[in-house]
1. With (1) more than 12 Å from chain B (Cβ to nearest Cβ); (2) over 21 Å from the mean Cα position of the chain (by Cα) as the list, and A:LEU153 as the residue in question, which single condition is left unmet?
2. For the range A:1-102, give me every one of the helices (runs of 4 or more DSSP H) that falls completely inside it and has 1 or more residues that are within 14 Å of another protein chain (Cβ to nearest Cβ).
3. Can you confirm whether the range B:99-107 contains a residue that is closer than 30 Å to A:GLN283 by Cβ, more than 8 Å from chain A (Cβ to nearest Cβ) and either open to solvent by 10 Å² or more (accessible area, probe 1.4 Å) or touching an Asp or Glu at 6+ places or on another chain (Cβ under 7 Å) (or both)?
4. For the range A:127-146, how many residues meet the condition of being at the interface with chain B (Cβ under 7 Å from one of its Cβ atoms), within 13 Å of A:ILE176 (Cβ to Cβ), of a type in the set (Phe, Trp, Tyr) and open to solvent by less than 20 Å² (accessible area, probe 1.4 Å)?
5. Can you list residue pairs whose Cβ atoms sit under 6 Å apart, with the first residue in the range B:109-130 being more than 7 Å from every other protein chain (Cβ to nearest Cβ) and the second being crowded, with 17+ Cβ neighbours inside 10 Å and assigned to a helix (DSSP H, G or I)? Count only pairs 6 or more apart in sequence or on different chains.
6. So in the range A:260-275, with the set limited to residues that are part of a loop (DSSP other than H, G, I, E, B) and within 14 Å of chain B (Cβ to nearest Cβ), which one is modelled with the highest pLDDT?
7. Looking only at the range A:199-206, decide whether some residue is part of a helix (DSSP H, G or I), within 29 Å of A:LEU306 (Cα to Cα) and away from every other protein chain (no Cβ under 13 Å).
Amino acid sequence: MANLAQPATTRLNSPQAVARRRRQYMRERAIEALLFACAAVSVVVTLTIVLVLIRESLAFFSHVSIVEFLTSRTWTPLFSDAEYGILPLVLGTLLSSLVALLVALPLGMVIAIYLSEFAGARVRETLKPFLELLSGIPTVVYGYFALLIVTPLLQATILPNLPGFNVLSAGIVMGIMIIPYISSLSEDAMRAVPDSLRDGSLAMGATRLQTSIKVVVPAAFSGLAAAAVLAISRAVGETMIVAIAAGQQPNFTFNPTESAATITAYIAQVALGDLPHGSIAYQSIFAAGLTLMAMTLVFNLAAYWLRKRFREAY
Amino acid sequence: MAATDTVSTDRTPPSRGFGATERIQRARRAEAAFVGLGIVVTSVGAVTLMALLGGLLSDGWARLTPEFFGNFPSRRATQAGILAAWVGSLLVVLVCAFVAVPVGVAAGVYLEEYARRNWITDVIEINVNNLAGVPSIVYGLLALGVLVYGLGLGQSVATAGLTLALLILPIVIVATRESVRAVPYSIREAAYGVGATKWQVTSHHVLPYASPGISTGVIIGLSRALGETAPLVMIGALSFIAFLPTPPVRDSFPYISFQWLLDPFTVMPIQMFNWVSRPDPAFQANAAAAGLVLLVMTLAMNGFAIWFRIRMRSKIKW
């Protein structure tokens, strides 16, 4: 207070003021460093994930040949005469994801076209929150839904011989789960299409539906394809629905009405048993996890590439 | 023939030749049909929710007694309850929030307010986006390899909370970035203009304005953590826990205890998973009841977040 009476220059250069500015500067730098450290945590997490997966997988591949892992059609690591061929699990994963995509892609696209090109603000604001809620439902609840509601429903109606555990109902429910991803990413992509294209088409006498399908969808193609691929990547990594409803038996099959284990279901199944740390079974889940990571990485990169490669510049 | 057609004695105008009227009508009918289809399909969210709630209610309503919330799991389905599960869920989500919120908000603030445009920032940004796409079970493998065996935290509340914190970190970071970005620059300039430092601008002005958006993201992230099962299966959450974690308050010195962090635990989704995988229908009714509780909790959190966001959007006009 007292030094308010002094001329401004003296106040700014008084030893107290200089010391205070110095403290303040140090504090600012310390805070920035702390914030940076928090941001860097995410990189550390990624590196640790990759390191852990590779380290345990290397230990696994010192017991099992990588050729057998990638080509054998039998996966029985918990048997006494264990065989380690990841193919049945990969096939189960792709099969369930394919079923999910067949459900989610048409529905998600119709929703996206409807919300982006037809629905008024009021309808959109009412229906969209419900779609968002779908992605907030715990996956274990979806698993219950698939096993105890969808499968009995299918058995009672169109597929009387459907086994209790099957890829079909797990895939259908997984499809419902990923609809919000497809619809919201696709809607974003279609909204990014400039109105001049729509106006041109409408001015030529096309209806809104013709405009949507023949002008907007092709123009937004890269975004739509990326949405589909990201949704597959999501389905590939999903665990609880398939672990509960698709069965635990590795099964080299292309038939979705049979039961089949996925990579994620196998990992969860092994973890549920009391597995000794350092055993081959313990290491095998890391090898399976590495395969899973590789698959989702391929899909994510494909989505990135699709968006870049086919992006129309307006 | 051709000559009479072009003469305008014909009632249809010449441009409407070649069945144009029918084609236009067909196109209009297709459009009307698509609008109907769109409304029906877009209602899939509401319909699925109804079916889920209906199914769970009809299977599990009878089990939702006060004893169900107050009993430990049991070999007899009718005496089993979710006491250990909901207490465990609460503690795990608490640890998760305690770690994920400060770290995630700090990371988001750094990327939006502090980060310089250089390759390090690019790496962090790409990495956050990639982490959001990593399957949750892989976080479980990370936790198993590093937290359970590497750091020796064991199959404890702390391990579970940390694992879920890493899992929801990208959600918190992205929500923070979006809310911070939405704060108009004029507010920062006004604060800088009266001599505030960068941190003062951030903590006194930007963060308070961004906090509604941040809390929306945090709530969605925590509801995800509450419903997440797979990573906790990986670290070996037990499903038969007939005791509660050590209470955090003790009657002797030093009065507070952090032993509960290292106690074994179970959570709601794990308990439900355990019950749903038993063939006995009585346990499946328990699973439905537990699922109902879980669903109501997560839907309430999500619904609140969505409502809050819509309200904030209509209220705040910069």
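The values are calculated or read from the model by the stated rules, or taken from the named source; none is laboratory data. Everything numeric in this text was worked out from a predicted model, so none of it was measured. In this analysis, Cβ positions are derived from the backbone assuming ideal geometry, glycine residues included, and neighbour counts consider all displayed protein chains. Side chains included, ligands, DNA and RNA excluded: accessible areas come from the protein's heavy atoms. Shrake-Rupley method; radii C 1.70, N 1.55, O 1.52, S 1.80 Å.
1. (1)
2. Filter on the range A:1-102 gives A:8-13, A:15-61.
3. Yes: the range B:99-107 contains one or more residues that are closer than 30 Å to A:GLN283 by Cβ, more than 8 Å from chain A (Cβ to nearest Cβ) and either open to solvent by 10 Å² or more (accessible area, probe 1.4 Å) or touching an Asp or Glu at 6+ places or on another chain (Cβ under 7 Å) (or both).
4. Matching residues across the range A:127-146 total 1.
5. Cβ pairs passing all conditions: B:GLU112/B:ARG177; B:GLU112/B:VAL180; B:GLU113/B:THR202.
6. The qualifying residue modelled with the highest pLDDT is A:THR262.
7. Checked against the condition, which is being part of a helix (DSSP H, G or I), within 29 Å of A:LEU306 (Cα to Cα) and away from every other protein chain (no Cβ under 13 Å), the range A:199-206 yields at least one hit.
A quick yes/no check of all residues on (1) within 19 Å of B:ASP263 (Cβ to Cβ); (2) surrounded by fewer than 20 Cβ atoms within 10 Å (Cβ to Cβ):
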{"residue": "B:ARG76", "(1), (2)": "no, yes"}
{"residue": "B:ILE82", "(1), (2)": "yes, no"}
{"residue": "B:GLU113", "(1), (2)": "no, no"}
{"residue": "B:VAL134", "(1), (2)": "no, no"}
{"residue": "B:ILE137", "(1), (2)": "no, no"}
{"residue": "B:LEU147", "(1), (2)": "yes, no"}
{"residue": "B:LEU151", "(1), (2)": "yes, yes"}
{"residue": "B:ALA160", "(1), (2)": "yes, no"}
